[in-house]
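Notes follow the structure.
Nothing in this text is a laboratory measurement; each read-out follows from the coordinates by a stated rule. Computed from a predicted structure; not experimentally measured. Note: ideal-geometry Cβ built from the backbone for every residue, glycine included; neighbour counts use all protein chains shown.
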Amino acid sequence: MPSSRAWLGAALSLALGSAAVLVVIPLAVLIKTSWVEGHDRLADVVSNPGFGSAVVHSFELSAAATLLAVPVGVAIALALRDRQLPGRAFWRAAVLLPLLVPDFVLGYSWLRAYARAGLTSELFGLAWMQIQGPVGVWVIVAVNAVPLVYLIIAVGLATRAEPTTERAARASGAGPATVLRTITLPLLAPAIATAAVVVFVLSMGAFAVPQLVGAPAGFGTITTRIYADLALGSDPQGFVEAITLALLLVVVTLIIVTPAETLLGGRLQLGRMAARDTDWPSSSPTTRVIVTIAMALYLMITSGLPLLALLSASVTRAIGVPSTPDNWTLDNFLAVLTPRTGEALSRSVLLALAAASILLVLGTIAAALGRTRGGRSVSILITLTLVLPGSTLAIGLLIGYGRWLADTVVIILLAYLAKLWALAHRPISAAVDRLPSAGLHAARVSGAGLPTALVTVVVPLLRPALLAAWGVCFLTALHEVTMSSLLYGPGSETLAVVVLNSADLGGVGVTAALSVLITAVVVLPAAALWALGRTGVRRPSAFSPGAWSA
Amino acid sequence: MAKGRRGTIWFSALLQVWLLAACGGSSASPAQSITLYTCVNDTTIQPVVTQYQATHPGAKVALFRAPTGQLNARVASDIRTGGLKADVIWGCDPLTVQDYVAQGLVGGWTPETEIPATVRTPDYVGIAMLYIVAITRKGVKAPASWPDLASAGKVAVPDPNLAASALGALGFFGTKFYANLKEHGAVQVGTPDDVTTGVAQGTYDAGMTIANSAYAAQQKGSPITVSWPKPGAVAIYGPVAISKTTKNAEAAKDFISYVTSREGQTVIGRAGSYPTLPDVAGPEKPNGAPIVYPDWNALTSQKAALLEDYAKIFGS
């Protein structure tokens with residue numbers, strides 16, 4: 001029977017090997033291109049008048065989005081722990097709604113909901129004039145990041161090993177606020193830090209929202225500059241400048257993430273077996289009412305109205321006409337549902353399934369390596385491809401592997417794996433950080449091989465985290481468009497590519513219909529599985545709300 | 001590159017699917033098959049490819065279509081991995097294609113055609129036209145001349161850093177025109193389509209956009225008016241060019257000859273783009289609508305300086 005050390009060695013080489021293929025080679029390709037063709041122009045890039053403000057705007061965006069999204073996500077995760085909360089199952093599913101909407105329609109749905117002549121203006125005569133500007137970008141990017149924070153915190157709570165500590169404190173007379181401050185939050189610190197890193201990096205790489213919502217106010221970021229460079233990149237200078245700016249994002253991320261990883265170092269090692277979080281003391285009825293109202297308001301503002309705006313755009317025959325029944329049409333859906341899109345849809349679903357499943361394995365391995373030196377390198381490396389804008393990551397892969405893999409689904413799959421590995425890794429690692437080692441140790445001492453011990457002891461505890469990671473990757477891959485639209489070839493078009501090629505991102509009705517369709521593709525099977533689960537067939541599903549933080 | 005047993009299974013399953021698809025698609029003889037890179041949207045390119053293949057038995061067009069930014073990235077990646085993979089490029093503006101010519105990627109041959117010399121060079125031929133027009137939301141007075149646009153309320157202009165059509169307009173109007181718009185409260189958004197959407201929706205009162213996009217929205221019922229202000233709508237032609245390294249030169253020339261022919265131009269017009277052959281019918285265009293042409297040669301050399309001046313007006 002191979003020893004733990006041998007297993008660890010195998011896992012480490014697999015993780016490092018995959019990181020080499022998915023991160024190191026594409027990055028090396030970009031660095032080489034930037035250096036060989038552009039090192040003499042670096043000074044020009046940096047001294048360009050727009051450059052300084054783009055860097056500042058990117059930092060502001062990341063900082064603001066992190067400061068907004070992390071407290072909100074933590075608060076929601078804590079509030080939804082209360083099993084007596086009315087409609088808890090519904091809230092837990094509804095919090096995840098923004099994940100269903102692709103980035104490139106998110107901004108539009110907010111403008112349609114709140115900007116001048118938007119939904120609120122039609123209904124109540126209220127418009128949010130500052131939405132097109134820095135604050136609007138911060139808020140929309142933050143709101144979109146809240147589900148990730150929520151998931152990371154919720155799996156951290158679900159894998160909890162010490163609900164008894166909190167109960168003991170309450171029994172000894174500590175108020176809820178004291179328990180929160182002195183026990184719950186400190187114990188959640190690793191998960192909160194993980195969530196903050198993810199939000200910061202994701203916001204740094206955010207493109208679609210700053211482009212659509214920030215541009216009218218002159219709010220340019222590094223990512224919008226990269227896009228402009230590529231759009232004018234038919235001359236080599238623009239292309240090399242785009243790559244150089246993307247590498248700058250990578251350097252900034254390295255500077256931010258490396259110390260964070262080191263500070264996160266001391267993982268909480270708990271000696272006791274994890275207990276089920278079933279007996280978390282319920283809050284008072286008044287608190288419950290307040291929490292319910294707050295949840296309803298938050299979700300109405302951040303998801304309800306924007307999604308309603310999107311839905312109304314998808315069934316309305318033209319932009320700017322009132323969405324009344326005589327203006328309703330199915331044309332946008334018919335444009336999405338053609339034989340070509342049918343084929344592309346099945347390809348996209350297959351790709352997303354493959355990506356999510358492989359990422360589950362890669363994410364688990366990276367999390368299992370934890371805070372070993374090798375593990376830390378892997379976790380930093382995979383954060384770098386998360387921050388790289390999709391277009392530049394795709395360029396790295398195309399130059400690196402295009403000779404052999406161009407125009408195949410394999411190169412698109414590699415792009416998804418590279419881009420999303422960190423998103424799979426972080427929720428799992430947030431859970432692993434809170435995993436007690438005693439159970440695993442006991443199983444090993446009793447003679448179980450490492451795989452057996454993992455499957456029987458660790459996997460059941462990690463199930464919420466694994467489901468969360470799988471779900472996030474599946475959804476994101478399903479509506480990915482930036483990388484696929486650069487990497488596809490005849491016979492490897494994904495759904496978003498086919499639909500958006502016909503609309504060129506301008507056909508808002510068609511794009512909205514695509515989002516509604518993707519939502520249906522995800523929600524309908526999930527609802528069916530959930531219903532099955534409810535009628536007594538016990539089948540865990542990634543999307544049954546109970547499974548997210550069992 | 002193993003990724004765990006589960007990963008390997010998925011990987012090999014996908015590989016098989018892909019191999020099956022690849023084998024199924026390669027029935028045509030390779031000599032007749034070309035790869036086409038374009039940024040023209042599917043509404044236009046699909047009927048053109050379908051008609052061409054239907055009227056040229058044995059011919060096969062493998063298509064890669066993407067917005068200009070992605071197309072540029074793809075071409076740039078090709079160059080760095082053994083050379084351009086396209087046999088033909090159909091671009092959306094002369095500047096981009098001129099850049100490809102300057103890098104020795106395309107050009108050197110054009111077919112015999114009736115298409116006017118104003119949209120041709122020895123290296124490429126314009127086969128579709130974009131027109132930058134003004135749109136106003138219903139109830140807002142349409143500008144009779146371009147300077148009137150400034151007083152049409154809240155105005156949106158497309159970003160010349162993102163859309164070459166917007167760059168063409170900047171080249172024609174010069175920065176003073178934009179400075180005046182900005183003084184009157186205009187904002188810059190992304191693409192011309194973003195302008196159309198914003199005006200149709202009421203986020204803006206008026207804007208500059210491309211005619212196809214504006215008429216398409218109007219025909220669906222969006223409450224907008226399209227106007228061709230004096231001295232004229234700015235014309236931007238989309239050229240087609242042959243790769244200098246193509247191994248399928250005959251097939252590539254055959255395709256280019258088709259799209260520059262009366263027959264091909266008719267298909268382009270029916271598919272919703274403006275043909276460059278003057279008497280071929282295209283989408284809506286008022287009788288005698290005034291049209292102006294940017295000086296593309298001058299723009300090629302002034303592009304950087306112009307964008308820098310422009311950035312001082314709508315700068316980020």
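Taking every residue in B:193-206 and counting other chain Cβ atoms within 10 Å of its Cβ, the average works out to 6. Of the residues B:ALA86, A:GLY447, A:SER283, the one whose Cα sits farthest towards the positive end of the charge dipole of the protein assembly as shown is A:GLY447 (charges of +1 on Lys and Arg Cβ, -1 on Asp and Glu Cβ, taken about the Cα centre).
When only Cα pairs below 8 angstrom with a gap of at least 6 residues are kept, chain B shows a relative contact order of 24 percent.
Each of A:PRO306, A:SER485, B:THR35 was placed along the dipole of the protein assembly as shown (beta-carbon charges, centred on the mean Cα), and the one lying farthest toward the positive end is A:PRO306.
Averaged over peptide B:86-97, the number of partner chain Cβ atoms lying within 10 Å of each residue's Cβ comes to 1.
Count, for each residue of B:57-68, the Cβ atoms from other chains sitting within 10 Å of its Cβ, then give me the mean as a whole number. Walk me through the intermediate numbers first.
Working: counts 0, 0, 0, 1, 1, 4, 4, 8, 8, 9, 9, 5.
Per residue, the number of nearby Cβ atoms from other chains is 4 on average.
About its Cα centre, the dipole of the range B:38-90 is roughly 120 debye, where the only charges are +1 on Lys and Arg Cβ and -1 on Asp and Glu Cβ. Exposure proxy for A:GLU241, B:GLU114: other Cβ atoms within 10 Å of each Cβ, ordered fewest to most, give B:GLU114, A:GLU241.
For the protein assembly as shown, dividing the convex hull volume of the Cα atoms by the residue count gives 164 Å³ per residue.
For the range B:79-146, the Kirkwood hydrodynamic radius comes to 15.0 Å, computed from all pairs of different C-alpha atoms.
Of all aspartates and glutamates in the structure, the ones whose alpha carbon falls short of 17 Å from that of B:LYS230, not counting any fewer than 8 places away in one chain, are B:ASP148.
Take the Cβ-Cβ distance between A:ILE31 and B:THR300 as r, set R0 to 30 Å, and report the resulting FRET efficiency rounded to the nearest 0.05. Walk me through the numbers on the way to the answer.
On the way: r = 31 Å, r/R0 = 1.02.
The computed FRET efficiency comes out at 0.45.
Can you give me the orientation-averaged projected area of the convex hull built on the Cα atoms of the range B:149-269, in nm²?
Numbers: hull surface 38.6 nm².
One quarter of the hull surface, i.e. the mean projection, equals 9.6 nm².
Mean-square fluctuations from a GNM of chain B, with a 10 angstrom spring cutoff on Cα atoms, peak among B:SER227, B:SER145, B:SER243 at B:SER145.
Counting only residues at least eight positions apart within a chain, or on another chain, the lysines with an alpha carbon under 26 Å from that of B:LYS247 are B:LYS60, B:LYS85.
In a reduced charge model with +1 at each Lys and Arg Cβ and -1 at each Asp and Glu Cβ, the range B:270-312 shows a dipole moment near 100 debye about its Cα centre. Restricting the calculation to Cα atoms, every distinct pair contributes to the Kirkwood radius of the range A:399-531, found to be 17.8 Å.
Suppose R0 equals 51 Å; then what is the FRET efficiency for A:VAL135 and A:VAL459 from their Cβ-Cβ distance, rounded to the nearest 0.05? So, using R0 = 51 Å, E works out to roughly 0.70. Charges were assigned to the Cβ only: +1 to each Lys and Arg, -1 to each Asp and Glu. The resulting dipole of chain B about its Cα centre is roughly 860 debye. Sorted on the mean count of surrounding Cβ atoms within 10 Å across their residues, most packed first, peptides A:242-255, A:166-179 read A:242-255, A:166-179. Here, chain B has an Rg and a Dmax of 21.4, 69 Å when only alpha carbons are counted.
Taking the Cβ of B:LEU149 as the center, what net charge do the other residues with Cβ under 15 Å away carry, scoring Lys and Arg +1 and Asp and Glu -1? List each step's numbers first, then the result.
Details: positive: B:ARG137, B:LYS141, B:LYS154, B:LYS176, B:LYS182, B:LYS230; negative: B:ASP148, B:GLU183, B:ASP205.
Summing Lys and Arg as +1 and Asp and Glu as -1 gives +3.
Residues A:GLU480, B:GLU284, B:GLU250, ranked from the fewest to the most other C-beta atoms within 10 Å, line up as B:GLU250, B:GLU284, A:GLU480.
Every pair of different Cα atoms in the range A:307-433 enters the Kirkwood calculation, which places the hydrodynamic radius at 17.6 Å.
Counting every other Cβ atom within 10 Å of each residue's Cβ, A:PHE104, A:PHE59, A:PHE474 order from fewest to most as A:PHE59, A:PHE104, A:PHE474.
Distances between every pair of Cα atoms in the range A:1-84, grouped in 10 Å steps from 0 to the bin holding the largest one, split as 13, 16, 21, 27, 17, 5, 0 percent.
For chain A, what is the calculated [θ] at 222 nm in deg cm²/dmol (nearest 500), taking -39500 (n - 2.57) for each run of four or more DSSP H residues and dividing by its residue count?
On the way: 27 runs with 384 residues, N = 550.
Calculated mean residue ellipticity at 222 nm is -22500 deg cm²/dmol.
Multiplying each eigenvalue of the alpha-carbon gyration tensor of the range B:221-314 by 5 and taking the square root yields semi-axes of 29, 24, 12 Å, largest first, rounded to whole angstroms.
Rounded to the nearest 0.05, what FRET efficiency is calculated for B:THR245 and A:ALA168 with R0 set to 56 Å and r the Cβ-Cβ distance?
Details: r = 75 Å, r/R0 = 1.34.
Taking R0 as 56 Å, the efficiency between B:THR245 and A:ALA168 is 0.15.
Find out how many positive minus negative residues lie around A:ALA242, taking Lys and Arg as positive, Asp and Glu as negative, among other residues whose Cβ is under 9 Å from that of A:ALA242. Intermediate results must be reported in sequence, preceding the final value.
On the way: positive: A:ARG225; negative: A:ASP229, A:GLU241.
Its environment carries a net charge of -1.
Working note: 222 nm ellipticity from helices only, DSSP H runs with n ≥ 4, each -39,500 (n - 2.57), summed and divided by the residues of chain B, gives -13500 deg cm²/dmol to the nearest 500.
Go through A:406-414, A:31-39, A:423-431, A:459-467 and give me the packing order, highest mean Cβ count within 10 Å leading.
Working: A:406-414: 23.4, A:31-39: 16.1, A:423-431: 28.8, A:459-467: 21.0.
The packing order, highest mean first, is A:423-431, A:406-414, A:459-467, A:31-39.
If you run the Gaussian network model on chain B, springs between alpha carbon atoms under 10 Å, then out of B:ALA144, B:ALA164, B:ALA186 the most flexible one is B:ALA144. Other residues within the sphere of radius under 11 Å centred on the Cβ of B:THR209, judged by their own Cβ, net out at -2 (K and R +1, D and E -1).
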